[in-house]
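Read through the structure below, which is laid out as structure tokens, and then see the notes.
Bear in mind that the values in this text are calculations on the coordinates, not laboratory data. As the structure is a computational prediction, the values presented were derived from the model and not from experiment. All Cβ positions, even for glycine, are placed from backbone atoms using ideal geometry, and neighbour counts span all protein chains on display.
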Amino acid sequence: MKTILFPHGFQKWGWCIFAVGVMAGIYVLVTDYGTGPLVNNIAIIGTVSGAILATCSQEKIEDEMVRQIRLNSLLVALYVNYAVLIVCSLLVYDLDFLSVMMYNMFTMLLIFMVVFRYRMWRLNKEAKDEEQD
């Protein structure tokens, strides 16, 4: 089966770009520099493109188990993201909902990153534990 994932080397670049984007986003939030389009764009584009490169790059060993973990993590992220969005649509109104939608641009990617990395960590830990036995 043909894969549409980026090569493994893109993962390191993705984490670096993601870190710069997150730091720019934190700077925008802390300094209330939301009107600066350059820093805003660096934060949004850096966070999204870095997260995509980091999560959609192949692992060193990309097998069926990793593909299954990737798919399940994506589904968990989808379900959690839209559950949170539904709850927020019922509880948040007016201009505050605009902030919810702004953060919603990132939540699916972030949830996917956390769930996938956690499950990969667990898989690697179980493999090491089996080797020791």
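Can you tell me which residue among N104, N72 is under 25 Å from K2 (Cα atoms) and either surrounded by 17 or more Cβ atoms within 10 Å (Cβ to Cβ) or polar (S, T, N, Q) (or both)?
On the way: N104 fails: under 25 Å from K2 (Cα atoms).
From the options N104, N72, the qualifying one is N72.
Suppose the filter is assigned to a helix (DSSP H, G or I), more than 20 Å from the chain's Cα centre (by Cα) and surrounded by 13 or more Cβ atoms within 10 Å (Cβ to Cβ); does F112 pass it?
Values: assigned to a helix (DSSP H, G or I): yes; more than 20 Å from the chain's Cα centre (by Cα): no; surrounded by 13 or more Cβ atoms within 10 Å (Cβ to Cβ): yes.
Answer is no for this residue.
Looking at G46, G36, G9, can you tell me which residue is buried (at least 17 other Cβ atoms within 10 Å of the Cβ), without any contact (Cβ under 8 Å) to a residue 60 or more places away in the chain and farther than 17 Å from V115 by Cα?
Numbers: G36 fails: buried (at least 17 other Cβ atoms within 10 Å of the Cβ); G9 fails: buried (at least 17 other Cβ atoms within 10 Å of the Cβ).
On inspection, the qualifying residue turns out to be G46.
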